[in-house]
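Take a look at the structure below.
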Amino acid sequence: MPGPLDKDLPVPLYHQLQAVLKAEIESRKWRADEQLPNETKLAERFGVSKITVRQALQKLADQGYIRREHGRGTFVARRKFDEGPRELTSFTEEMRRHDLSARSRVLAQYVMEADTKVANALVIPLQSPVFVVKRIRLAGDEPMSVQTAHIPAVFVPGIQLAEDASLYEVLQSRYQLYPARARETYFVTAADDAAAALLGIPAGAPVFAVERVTRLPNERPFEFVQSIVRSDRYSIVLDLVKPDAASHSGTVSALRPSRHATP
C-alpha cells in the first residue's frame, strides 16, 4: 500500500517523503544505527520512483538524520546534541530532555589543595581544600564526556558521590547549595590518549574542552568544572541578530540564521 503522499499537492514528492521519514526517525520508529529499508522497498511502500526515494534520502543525509554506507545500506544516524544559550541544568536533566537515561561512572573522588587555576576560578586562597570528583558521563551506554568538578571542601563536608548520582541533586538535597548561574567557555582541542580511551574515540580526534564556573544566588563561585566533550555528539548553536534588526519588525525572523560550530 502506498504511504501518506499526495501527488495532487504542489509540494514535490521527495519533500513529502523526506518529511514522513524524518517524522518516523524523530518519533523513534527507527532507532539510532538501525538500517532503513532499501530504496526498492521504500519506493514500493510509498508508491514513488526510486529516484524520488534517492532524493529524499539525500536530503535526510544532508541534515544529519541518516548515514549511507557504500555496500551496506542506509542507517539512522546518531543525532548530535545542540548546545547554545540554555537554562542551567544538570547532565541528568539534559539527558531526560532527550529521552535518554543519564549515567555516570566515578573515576576518582578526593580532596586536594587548590592550585592556582582552581583557586582563581573559585576565588579562594591558594592551597585551600577542594573536593574533586572525576566522572565519565554517559547517555545510556555511550560515553559523552569526561568531567572533573572542583568544589570548596567547606561547602560539602563528608561528601561521597555514588555511581549514577546527580551531583546537583546531592548538592541541593544534602547541602542546600542551589546553582543559580554559570559561565561556560569552549575551546577546541585534540583528545589525548587517556581521554580518547575513556570516550571510545581515536586519539587526536577533535573534542570540546569546556570550563564552567557555577555561582550561588549570592554570586559566590562554588563549582569549577573542566570537561572533555565529544564533538561528534555535540554541536554549538548560536542565533545571531543584527543590532538594528528590531527596527525591521517584518524581517527579523529572516535575518536570524543558526550557526553550527562543529570542529
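Bear in mind that the values in this text are calculations on the coordinates, not laboratory data. Every value quoted in this text rests on a predicted model; they were computed, and no experiment measured them. FYI the Cβ positions are ideal-geometry reconstructions off the backbone, even for glycines, and counts take in every protein chain you see.
Annotation: extensible slack from residue 165 through residue 120 equals 13.4 nm (criterion: 0.36 nm per residue apart, minus Cα-Cα distance). Among 106, 53, 229, 241, the ranking by other beta carbons within 10 Å of each residue's beta carbon, starting with the fewest, stands as 241, 106, 229, 53. Taking other C-beta atoms within 10 Å as the exposure proxy, 70, 150, 15 rank 70, 15, 150 from fewest upward.
Simple spin-label estimate for residue 70 and residue 29 gives 3.1 nm between the two label positions (7 Å along the Cα-to-Cβ direction from each Cα). By the beta-carbon count within 10 Å of each Cβ, the least crowded to most crowded order of 131, 75, 224, fewest first, is 75, 131, 224. Computed with the Debye formula from one identical point scatterer per Cα of the range 81-235, without solvent, the log10 of I(q)/I(0) at q = 0.14, 0.15 Å⁻¹ comes to -0.70, -0.81.
Based on alpha-carbon centroids, what's the gap between the range 109-138 and the range 16-75 in Å, whole number please? After rounding, the separation between the Cα centres reads 48 Å.
For residue 38 and residue 187, FRET efficiency with R0 = 45 Å and r from the beta-carbon atoms, rounded to 0.05? Efficiency computed from Cβ-Cβ geometry: 0.60. Between residue 58 and residue 142, the distance separating the two model label sites (each 7 Å from Cα on the Cα→Cβ line) works out to 2.7 nm. Our estimate of slack between residue 197 and residue 49, defined as 0.36 nm per intervening residue step minus the Cα-Cα distance, is 48.7 nm. Over 27 Å between Cα atoms, which of 22/134; 117/242; 22/242; 29/59; 59/242 qualify? Correct reply: 22/134; 117/242; 22/242; 59/242.
Stretching residue 22 away from residue 242 to a fully extended chain increases their span by 76.0 nm, per 0.36 nm per residue minus the current alpha-carbon distance.
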